[in-house]
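I have placed the structure first, in the form of structure tokens, so that the comments after it can refer back to it.
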Amino acid sequence: MNRREVTQRIRRSLSEAGFEPLGVTPAITPSGYHRLCEWIEKGFGGTMEYLRNRKAAYQDPKSVLSGVRSIVVGAWRYPNVLPPSVEQGDGRIARYASIGIDYHDVIHNGTKPILRSLRSEFVDESFRVVVDTAPLLERDFATHAGLGWRGKNTLVLRRDIGSYFFLFCLLTTLELEYDDPFEEEFCGRCTACLDHCPTDALVDPHVLDARKCISYLTIEHRGSIDRDLRLGMGDWIFGCDVCQEVCPWNRRSIRRGGLIEVERDTHSVSPLGLTIQASDFITMSDDEFRKRFRKTPLWRTGRVGMARNAAIVLGNSGDEGATGTLVHGLSDDSAIVREACVWALWQIGSAKAKRTLRTALESEDDQAVRLEIELSLETQNEHNSLQ
């Protein structure tokens, strides 16, 4: 087969497996590599030290596959549906996680038969599928392959389906037929994503400070969440869709019916839904968390991270009915969870919450948690003196 026939063969296989849109680009140094380096040096990556450790590798796709010549960039679309009204005590889950399936598994399982076929047909060539776990700038290669443009919220956007899709790359040593890069930008003067970010994480168009991003804080960050950012989290317990929800191109994709049905086999988990009861994460054990969420996206954050997030959501809700759950959280084995529960009790500010904090200070031995209690009580006393 010639280059065109091979390219069409690969495109057809991926398309029949449900992966669209698709584009092909030569395996070059990504155009955004220098911006990545600047971004890392400014500290915008937060605690994601693996980005700094692998910085040099992002410059050349050969660090991912030796001898690579071509990259097929594909998309897997997930449901774009209008968010529900959130009941008090519920936490919101990002759309991609609400389907209850880990997208890494979906894409890898869907491409495995294609890789097996290609390897048997082209025995002297190499192939590898990457889903955001290798040092590869997928979004840059998506624009190089003509899939769309980089929006001001840093995501790849398309006029037909918006941004509710995951990217993956199929790298090969084959020389394929390449698409023209996407060189236009259709954000125009719109700054909706910057204007509506609850924590001002989009510091400039196309520049995200991950240290402030709710998705980073609720999923990737392992420690305590900065006090100044907790209110901005609102009711987001896992991830955040705000910069996508306000994007005009995503609203248009809803009107055009830009949805997909997610296929499930007998081993798949059930959908999580767009909201989930926050209090459950504070009262459940590690074993219960494992049984319920082992195969879901929430597993990445872990029980401690989800309990921390849940406490902040409950604190932001102001629901006095959550006091008992948060008091239970003060005895959690994790100081991170206890600290978040202290803050949440202070936010609720009920008489029981105040008494509980005073009592907790006597038995708490973790310095960070003690400081949170002392700060909460001090702030409460200052508030009372002004009344």
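Points worth noting:
- Rounded D (µm²/s) - the stretch 136-226, Kirkwood Rh over Cα pairs, Stokes-Einstein at 20 °C, 1.002 mPa s: 143 µm²/s
- Förster radius 41 Å - calculated FRET efficiency between R119 and V207 (Cβ-Cβ, nearest 0.05): 0.55
- Amide H within-cut-off set for T275, under 5 Å, with H built and near neighbours excluded: I93
- Each residue of the stretch 103-112 was assigned a 3J(HN,Hα) from its phi angle through the Karplus curve 6.51 cos²θ - 1.76 cosθ + 1.60 (θ = phi - 60°); the sequence is 5, 4, 5, 4, 5, 5, 5, x, 9, 4 Hz, with glycine and proline shown as x.
- Length released on extending from N109 to T379, taking residue separation times 0.36 nm less the Cα-Cα span: 92.0 nm
- ³J(HN,Hα), Karplus 6.51/-1.76/1.60, whole Hz, each residue of the stretch 8-24, x for Gly, Pro: 5, 4, 5, 4, 4, 4, 5, 5, 5, 7, x, 9, 8, x, 9, x, 10
- Between A56 and A351, full extension at 0.36 nm per residue minus the direct alpha carbon distance yields a gain of 100.7 nm.
- Of the peptides 354-360, 1-7, the ranking by mean beta-carbon count within 10 Å, highest at the top, reads 354-360, 1-7.
- Residues whose amide H falls under 5 Å from that of L176, counting only those 5 or more places apart or on a different chain, are absent, with hydrogens built in the peptide plane.
- Beyond 29 Å in Cα-Cα separation lie the following of the pairs K62/K112; K55/K152; K212/K291: K212/K291.
- Of interest is the spacing of the C-alpha centroids, which for the stretch 213-238 and the stretch 66-125 amounts to 24 Å.
- Here is the list for the stretch 159-257: chymotrypsin sites (Phe, Trp or Tyr not before Pro) lying in DSSP coil, each with at most 14 other C-beta atoms within 10 angstrom of its C-beta, are F186.
- Calculated from backbone phi, Karplus (6.51, -1.76, 1.60) coupling profile of the stretch 293-303 in Hz, x at Gly/Pro: 10, 4, 9, 10, x, 5, 4, 4, 6, x, 4
- Accessible solvent surface per residue of the chain, calculated while the other protein chains remain in place, 1.4 angstrom probe, Å²: 47 Å²
- Heavy-atom surface analysis with a 1.4 Å probe gives the chain a carbon and sulfur content of 47 percent of its accessible area.
The values are calculated or read from the model by the stated rules, or taken from the named source; none is laboratory data. Keep in mind it's a predicted model, so treat the numbers as computed, not measured. Cβ: placed from backbone, ideal geometry, glycine included. Neighbour counts: every protein chain shown. For the accessible areas, the whole protein counts, side chains as well, though only heavy atoms, and no ligand, DNA or RNA atoms are used. Shrake-Rupley method; radii C 1.70, N 1.55, O 1.52, S 1.80 Å.
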